[in-house]
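Below is one structure; the comments refer to it alone.
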Amino acid sequence: MSIFELITIFEMERNQPPESINALLDFYQQKYITGEIDINDYRKIYHYLYRQGAISAHEYV
């Protein structure tokens, strides 16, 4: 899965574009948790989003 595919899936499922890169990361993590994404794809996109400054809702203090 590419970042562009991820954005397209987000927009189709939520009927709106992601409001932030953090929302995109949270959506992606949810897809991983539910088994819709394998670990190799998850790692690639996760690291890309993290390098772009995304912060997961799980990391908020």
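The values are calculated or read from the model by the stated rules, or taken from the named source; none is laboratory data. All values reported here derive from a predicted model rather than from experimental measurement. In case anyone asks, the SASA skips ligands and DNA or RNA and just uses the protein heavy atoms, side chains included. Shrake-Rupley method; radii C 1.70, N 1.55, O 1.52, S 1.80 Å.
The figures follow:
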| read-out | value |
| --- | --- |
| Residues satisfying the stated conditions in the range 4-43, i.e. of a type in the set (S, T, N, Q) and either in a helix (DSSP H, G or I) or farther than 18 Å from Ser56 by Cα (or both) | Thr8, Asn15, Gln16, Asn22, Gln29, Gln30, Asn40 |
| Residues satisfying the stated conditions in the range 11-40, i.e. within 11 Å of the chain's Cα centre (by Cα) and not aliphatic (A, V, I, L, M) | Pro18, Ser20, Asn22, Asp26, Phe27, Tyr28, Gln29, Gln30, Lys31, Tyr32 |
| Residue list for the range 16-57, restricted to those being open to solvent by 50 Å² or more (accessible area, probe 1.4 Å) and among the basic types (Lys, Arg) | Arg43, Lys44, Arg51 |
